[in-house]
Amino acid sequence: MSSSSPQLRRLKPAYQYVVNNFLAVLAVLAVPLVVAGIVSAARVGPEELLARLHALRPVHVFLAAFVPAAAGVLYLMMRPRSVYLVDYACFRTKPSHRVPFGTFLEHAKLVTFIEGASIDERSVRFMTRLLERSGLGEETCLPPAHHFIPPYRNLEASREEVELVIFSTIDDLLAKTGISPDAIDFLVVNCSLFAPIPSFTDMIIRKYKMRSDIRNVHLSGMGCSAGLVSVGLARNFLQVAPRGSHALVVSTETITPNYYVGKERAMLLPNCLFRMGGAAALLSTSRAKARFRLSRVVRTLTGAQDNAYRCVYQEEDDEGHRGINLNKDLMTIAGDALKANITAIGPLVLPASEQLLFALSFIARRVFNNKSIKPYLPDFRMAFEHFCIHAGGRAVIDELQNSLGLSDEHVEASRMALHRFGNTSSSSLWYELAYIEAKGRMRKGDRVWMIGFGSGFKCNSAAWECIEPARDAQGPWADCVSRYPVHIPEVLKH
């Protein structure tokens, strides 16, 4: 078997070419038949040919002409409208918000002396080990409220973070697109852990004096994959709205009220990974000025299973401190959700050659009932040039790289976004897309696969096709992209 593997690998490009270009190959093979038909018709003569045409009944002629035309018109009327990404913007963190490891750990040590906090020296040592292996760099940022001792976690400080992140991000997006707030028909915002009254959408509508008839939705509690849920919801709105409508999607996570001061290890992990960030995207059914076309949105939910439902769970510890509990089985559950999502999106995006190999593998396992026959893992590199994997942590990126057979370059954007910005929750995918563009790697026609994970447990995917790459590297990477990529050691000593 080992001796035949190199031969099979050499034959695979030829196999892929034949299967993926089946219609073209069929057309080439059909040329002799068409030529033979033309020669045969020429031999019959014009008089006999006309006699055969007159022998056809009018109803046959009508059906032959009308049915294909009617089917074509019906298809054009019923097919979903294409939705495009006009542009997007990410929150640009400020140097004053940066929290190097030393600052973060010193801050945590001082919190141990605060009345009511349960965090102790043992917890600080645990967080130190987590940070050393997290893949985060020294320039990640926390909101201003977390730079105080004790950290502010009140409603006013939380609102200040929201306004800082989303207003500045929307300002950048409106400046890039040149669109007026009055031209926005739909507004979708997602933030999982902070849902004040009035809502985020109300805050945005008031700030930008948007129309009174704007349709708006605030999604909460849906975790790090909520950004793609918002994109899918905006797409659904646009496909039933008048052509040329616009939808604004805003994704963020408010860190201020969610600093955990207890000592449960499973609840200390979010303190080390999550950092401030946000993104805004403008979608439309008009192709004018669009930069990407939204090809697919596929959502997978495994919440019917108890272990999946509770693997990312907001709760209070035994001492009453509220936080997010990340279950030890999280990576296994995420892997199962990814498999389900791959099964759903694969037939929609993979070329015929990969689908055929997957089908043959599936049939062989069922027919022979032989578990030693490994299921064929489709090569998604045949379907996408770029991958934006949710930067939830080093383990998440490692797991997906191994599961999908991706190279280091394919996951570079995810690792660098985690290193520079940390886990920015649902907005991390947009920081990764911005990295790919800032490095000048995006080309017209390139396909991008965004993969997000979130509580529930959810795995959501979005497929994009590039129409117009970015003309410059302006954005969240403008002041640092020249320093990336950087080497990230397994254990960072500081």
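Go through the range 141-164 and count every residue that is of a type in the set (A, V, I, L, M), farther than 21 Å from S199 by Cα and surrounded by 20 or more Cβ atoms within 10 Å (Cβ to Cβ). Residues meeting the conditions: 1.
When the residues of the range 461-494 are filtered to those that are at negative phi and touching a strand residue (DSSP E or B) at 6+ places or on another chain (Cβ under 7 Å), which remaining residue is most open to solvent (accessible area, probe 1.4 Å)? Steps first, answer last, please.
Taking the range 461-494 first, the residues at negative phi are 461-474, 476-494.
Narrowing the set further to residues that are touching a strand residue (DSSP E or B) at 6+ places or on another chain (Cβ under 7 Å) leaves 461-467, 476.
Details: S461: 0, A462: 0, A463: 3, W464: 6, E465: 63, C466: 4, I467: 25, P476: 13 Å².
By that ranking, first place goes to E465.
Taken together, the residues in the range 194-221 that are in contact with a Leu (Cβ under 9 Å, 6 or more places away or on another chain) and over 21 Å from S425 (Cβ atoms) amount to 5.
Residues of the range 292-305 being among the aliphatic types (A, V, I, L, M) and in contact (Cβ under 8 Å) with a residue 60 or more places away in the chain, which ones? I'd like the intermediate steps shown before the answer.
Of all residues in the range 292-305, those among the aliphatic types (A, V, I, L, M) come to 294, 297-298, 301, 304.
Matches in the range 292-305: L294, V297, V298, L301.
Might you check whether a residue that is under 22 Å from K289 (Cβ atoms), touching a residue at least 24 places away in the same chain (Cβ under 8 Å) and polar (S, T, N, Q) occurs anywhere in the range 158-176? Yes, that holds for at least one residue.
Among the conditions (1) in a loop (DSSP other than H, G, I, E, B); (2) open to solvent by 20 Å² or more (accessible area, probe 1.4 Å); (3) closer than 22 Å to F292 by Cβ; (4) not basic (K, R), F384 misses just one, which is (2).
Working carefully through the options S123, S134, find the one that is among the hydroxyl-bearing types (S, T, Y), open to solvent by less than 70 Å² (accessible area, probe 1.4 Å), at pLDDT 85 or above and in a helix (DSSP H, G or I).
Selected residue: S123, the only one of S123, S134 that is among the hydroxyl-bearing types (S, T, Y), open to solvent by less than 70 Å² (accessible area, probe 1.4 Å), at pLDDT 85 or above and in a helix (DSSP H, G or I).
Per-residue answers, yes or no, for (1) surrounded by 24 or more Cβ atoms within 10 Å (Cβ to Cβ); (2) touching a Pro at 6+ places or on another chain (Cβ under 6 Å); (3) in a loop (DSSP other than H, G, I, E, B); (4) free of Cβ contacts under 8 Å to residues at least 40 places away in the same chain:
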{"residue": "L248", "(1), (2), (3), (4)": "yes, no, no, no"}
{"residue": "Y260", "(1), (2), (3), (4)": "no, no, yes, no"}
{"residue": "A266", "(1), (2), (3), (4)": "no, no, no, no"}
{"residue": "L269", "(1), (2), (3), (4)": "no, no, no, no"}
{"residue": "L282", "(1), (2), (3), (4)": "yes, no, no, no"}
{"residue": "R287", "(1), (2), (3), (4)": "no, no, yes, no"}
{"residue": "A290", "(1), (2), (3), (4)": "no, no, yes, no"}
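Please identify the pairs in which a residue from the range 372-386 that is more than 13 Å from I345 (Cα to Cα) and assigned by the TED database to the domain that holds L348 has its Cβ atom under 6 Å from the Cβ atom of a residue that is modelled with pLDDT under 95 and part of a loop (DSSP other than H, G, I, E, B), counting only partners at least 6 apart or on another chain. Qualifying pairs under 6 Å: M382/P351. What about K458, is it touching a residue at least 40 places away in the same chain (Cβ under 8 Å) and crowded, with 24+ Cβ neighbours inside 10 Å? Yes; evaluated as a whole, the condition is true for this residue.
Taken over the range 202-229, the residue count meeting the criterion of being touching a residue at least 40 places away in the same chain (Cβ under 8 Å), surrounded by fewer than 22 Cβ atoms within 10 Å (Cβ to Cβ) and in a helix (DSSP H, G or I) is 2.
Are any of the residues in the range 181-194 at negative phi, of a type in the set (F, W, Y), in a strand (DSSP E or B) and touching a residue at least 12 places away in the same chain (Cβ under 8 Å)? Steps first, answer last, please.
As a first pass, look at the range 181-194 and keep what is at negative phi: 181-194.
Narrowing further to those that are of a type in the set (F, W, Y): 186, 194.
Now drop any that are not in a strand (DSSP E or B), which leaves 186.
Add one more test, that the residue is touching a residue at least 12 places away in the same chain (Cβ under 8 Å), and what stays is 186.
Taking every residue of the range 181-194 in turn, at least one turns out to be at negative phi, of a type in the set (F, W, Y), in a strand (DSSP E or B) and touching a residue at least 12 places away in the same chain (Cβ under 8 Å).
Take the range 230-239 and flag every residue that is open to solvent by 20 Å² or more (accessible area, probe 1.4 Å) and of a type in the set (A, V, I, L, M, F, W, C). Spell out how you get there, then give the answer.
So the first thing to find is which residues in the range 230-239 are open to solvent by 20 Å² or more (accessible area, probe 1.4 Å), and the list is 233, 235-237, 239.
Selection gives L233, F237.
Selection over the range 292-327 of residues that are part of a strand (DSSP E or B), open to solvent by 90 Å² or more (accessible area, probe 1.4 Å) and over 24 Å from F194 (Cα atoms) gives a count of 1. Do we have any residue at all in the range 350-363 that's buried (at least 16 other Cβ atoms within 10 Å of the Cβ), free of Cβ contacts under 8 Å to residues at least 60 places away in the same chain and either within 22 Å of L228 (Cβ to Cβ) or touching a Gly at 6+ places or on another chain (Cβ under 6 Å) (or both)? Yes: one or more hits.
The values are calculated or read from the model by the stated rules, or taken from the named source; none is laboratory data. Worth saying up front: this structure is predicted, and the values here are computed from it rather than measured. Cβ atoms come from the backbone with ideal geometry, glycine included; neighbour counts cover every protein chain shown. Heavy atoms of the whole protein, side chains included, go into the accessibility calculation; ligands, DNA and RNA do not. Shrake-Rupley method; radii C 1.70, N 1.55, O 1.52, S 1.80 Å.
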